[in-house]
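Report on the structure given below.
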Amino acid sequence: MRLIAGATAALSTALTAVLLVPQPASAATQLIGNGTFTSSTAPWAAIGQTTVTAESGWMKVAVKQVVANPWDAMVAAPTTAGLNPGKSYTLSFDAYSTTAFKARATVQYTATPSANQSLATDVQLTTGSKRYSIPFTAATATDTAAEVTFQLGGSGGAPTVRFDNVSLLETQTTRPTALYVSPLSNPARWAGDPANKDTDTGKAIAANIANKPIFEWFGGWFGDITKAVDDYVGAAQAQDKLPMLVAYNIPNRDACGGESGGGAGDATGYHNWITEFAKAIGTRHAIVVLEPDAVAAAECVTKFGKDPEDQYRMLLDATQVLRAQAPNAWVYLDAANATWHAPDKMAPLLVKSGIANTRGFSVNVSNYFTTVDSETYSVAVNGYLSGTVGAKKYVIDTSRNGNGPYEDDTPGDNWCNPPGRKLGTPPAKQSSGAEYLFWVKVPGDSDGQCGISGEPAGTFDPDLAMALING
């Protein structure tokens, strides 16, 4: 009932167009002088058996002859400032090759390049463009002037490799407090479209929804999840803002509601996907809501011949992966809403799903229950958690709860685009109760072809958005 692949496929193209390399900011200064190669490759230099040219916005690196060692054919560029030893960084770039092989990426001190490398990792290049996002910690050094290299020798051939969107950013020492407002959210893109922006509807959506910090949802509709996550998190980092992500790709997704069905094919596929998702965040600061409804809806996977226990195990694995690969992400495992499961039932399900590995749980995602009712439910859940893993932080989705839940004589479908709902309290950190009030659900995105919207799940419907604005 949340989001489906086709609904945000256009975002992948928009991210490519707008967020290729995060813009510099005082909190996250770009340490690569030219990573876009729009007109030249300077200051990148060919070293050894390579030639380097700019070609259609890419840096084209041709290996001239077969060489034995990776460093015998390479390209390098100095960083625009020295590294800070002990600090965390992320190197990211797009690359593809005429033949698949393992290249090596390094970030090394120029005074002692072979002996003091902060990063030296093999990268499996393919014939299709792929985003690589690699976190590392700067090594100790007296002279901290550094360079980035791509070492392309030792493949047994003479490949031609193309690079684009090379970025090197330091992770903020202090966690950002402001939430990221994406210019590429569904309402922002709709309201910013020239055909809409000067209309009364466009102005209302821009002023009431598009200018708010709203979560971005990530699933299998992104062909390159590393690129999608890295672009989004990098754009937030460059503004010293907190990015907010929903991981939504578990197999048999939306098992009870069905409108947003899909997800990874099996447990192995999901493990691989959530690992790539987490690695793309890396050591950067972020907020993650993990798999809306997945804990509560696990009981519904039996209609697909699946075992709910397998779903809890997949979630447990996901929490472990995120804790290991994205240590600065505050992860909230979803705990459904105030009436789906009683708190004494939900708490043990959260425990077996790995809540001990997370910061806490999320409540009311994509639903309409009041903040007061959601607080009461969260406190009750924590009461049962306190005897096992301990009470946890929690967050509440207020995106559509301004008028509370819709009630009629068919309550089974009242979650799906009901009439008369209203925007709730805008996103903000709280001093008591919920740690945050968030807009996890994107206001105006349809729940499915039901209720007052005929649009598929995840598709932005301006009429639905206006109904939420007007209440």
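Going through 265, 257 one at a time, which residue ends up being more than 20 Å from residue 289 (Cβ to Cβ) and more than 18 Å from the chain's Cα centre (by Cα)?
265
Scanning the range 14-44 for residues that are at pLDDT 85 or above and open to solvent by 30 Å² or more (accessible area, probe 1.4 Å) yields a total of 8. Among the residues here, residue 471 qualifies as at pLDDT below 95, out of contact with any helix residue (DSSP H, G or I) (no Cβ under 6 Å at 6 or more places or on another chain) and closer than 21 Å to residue 210 by Cβ. In this structure, is residue 300 part of a loop (DSSP other than H, G, I, E, B) and either among the hydrophobic types (A, V, I, L, M, F, W, C) or on the phi > 0 side of the Ramachandran plot (or both)? No, not satisfied. Candidates 160, 177: the one that is over 20 Å from the mean Cα position of the chain (by Cα) and of a type in the set (Ser, Thr, Tyr) is 160. Of the residues making up the range 326-375, those that are among the hydroxyl-bearing types (Ser, Thr, Tyr) and not in a loop (DSSP other than H, G, I, E, B) are 332, 362, 371, 374. When the residues of the range 324-348 are filtered to those that are among the charged types (D, E, K, R) and open to solvent by 70 Å² or more (accessible area, probe 1.4 Å), which remaining residue is farthest from the chain's Cα centre (by Cα)? Top of the filtered list is 344. Taking residue 436 as the residue in question, decide whether it is more than 30 Å from residue 454 (Cβ to Cβ), aromatic (Phe, Trp, Tyr), in contact with a Ser or Thr (Cβ under 8 Å, 6 or more places away or on another chain) and touching a residue at least 24 places away in the same chain (Cβ under 8 Å). Judged against the criteria, residue 436 is not a match. One residue stands out among those in the range 93-143 that are among the basic types (Lys, Arg) and open to solvent by 10 Å² or more (accessible area, probe 1.4 Å): the one that is farthest from residue 237 (Cα to Cα), which is 102.
Out of 282, 269, 257, I need the residue that is more than 16 Å from residue 305 (Cα to Cα), without any contact (Cβ under 8 Å) to a residue 24 or more places away in the chain and of a type in the set (Gly, Ala, Ser). Which one?
Details: 282 fails: without any contact (Cβ under 8 Å) to a residue 24 or more places away in the chain; 257 fails: without any contact (Cβ under 8 Å) to a residue 24 or more places away in the chain.
269 is the lone residue from the list that is more than 16 Å from residue 305 (Cα to Cα), without any contact (Cβ under 8 Å) to a residue 24 or more places away in the chain and of a type in the set (Gly, Ala, Ser).
The set of residues in the range 403-414 that are part of a loop (DSSP other than H, G, I, E, B) and open to solvent by 50 Å² or more (accessible area, probe 1.4 Å) comprises 403, 406, 407, 408, 409, 410.
Among the residues making up the range 350-370, those that are open to solvent by less than 20 Å² (accessible area, probe 1.4 Å) and more than 22 Å from residue 437 (Cα to Cα) are 353, 354.
Could you check the range 144-174 and list, in sequence order, the residues that are in a loop (DSSP other than H, G, I, E, B), open to solvent by 10 Å² or more (accessible area, probe 1.4 Å) and at pLDDT 95 or above? Answer for the range 144-174, where residues must be in a loop (DSSP other than H, G, I, E, B), open to solvent by 10 Å² or more (accessible area, probe 1.4 Å) and at pLDDT 95 or above: 144, 145, 154, 155, 156, 157, 158. Taken together, the criteria place residue 321 among residues that are modelled with pLDDT of 95 or more, part of a helix (DSSP H, G or I) and not hydroxyl-bearing (Ser, Thr, Tyr). Considering (1) open to solvent by 50 Å² or more (accessible area, probe 1.4 Å); (2) more than 26 Å from residue 183 (Cβ to Cβ); (3) of a type outside the set (D, E, K, R), the lone condition that residue 426 does not fulfil carries the number (2).
None of 297, 336, 326 is closer than 17 Å to residue 253 by Cβ and touching a Gly at 6+ places or on another chain (Cβ under 8 Å) except 297. Can you find a residue that is within 28 Å of residue 412 (Cβ to Cβ), open to solvent by less than 50 Å² (accessible area, probe 1.4 Å) and out of contact with any Ser or Thr (no Cβ under 7 Å at 6 or more places or on another chain) anywhere in the range 266-289? No, every residue in the range 266-289 fails to be within 28 Å of residue 412 (Cβ to Cβ), open to solvent by less than 50 Å² (accessible area, probe 1.4 Å) and out of contact with any Ser or Thr (no Cβ under 7 Å at 6 or more places or on another chain). Against the numbered list (1) crowded, with 22+ Cβ neighbours inside 10 Å; (2) without any contact (Cβ under 8 Å) to a residue 40 or more places away in the chain, residue 211 comes up short only at (1).
Only residues that are more than 26 Å from residue 398 (Cα to Cα) and assigned to a helix (DSSP H, G or I): list them for the range 193-230, please. Of everything in the range 193-230, those that are more than 26 Å from residue 398 (Cα to Cα) and assigned to a helix (DSSP H, G or I) turn out to be 225, 226, 227, 230. Being β-branched (Val, Ile, Thr) and either open to solvent by less than 70 Å² (accessible area, probe 1.4 Å) or touching a Ser or Thr at 6+ places or on another chain (Cβ under 8 Å) (or both) is the filter here, so list the residues in the range 297-323 that pass it. Residues satisfying the conditions are 301, 319, 321. Evaluated against (1) modelled with pLDDT of 95 or more; (2) more than 16 Å from the chain's Cα centre (by Cα), residue 283 falls short on exactly one condition, (2). Name the one entry in 387, 424 that is over 23 Å from residue 210 (Cα atoms) and either in a loop (DSSP other than H, G, I, E, B) or modelled with pLDDT of 95 or more (or both). Just one listed residue meets the conditions, 387.
In the range 365-391, of all residues being touching a helix residue (DSSP H, G or I) at 6+ places or on another chain (Cβ under 6 Å) and not aromatic (Phe, Trp, Tyr), the one that is farthest from residue 465 (Cα to Cα) corresponds to 388.
For the range 183-204, the criterion of being touching a Lys or Arg at 6+ places or on another chain (Cβ under 7 Å) and surrounded by fewer than 19 Cβ atoms within 10 Å (Cβ to Cβ) is satisfied by no residue at all.
The values are calculated or read from the model by the stated rules, or taken from the named source; none is laboratory data. None of the values given here were measured: they were computed from a predicted structure. FYI the Cβ positions are ideal-geometry reconstructions off the backbone, even for glycines, and counts take in every protein chain you see. Keep in mind that these areas ignore ligands, DNA and RNA; they rest on the heavy atoms of the full protein, side chains included. Shrake-Rupley method; radii C 1.70, N 1.55, O 1.52, S 1.80 Å.
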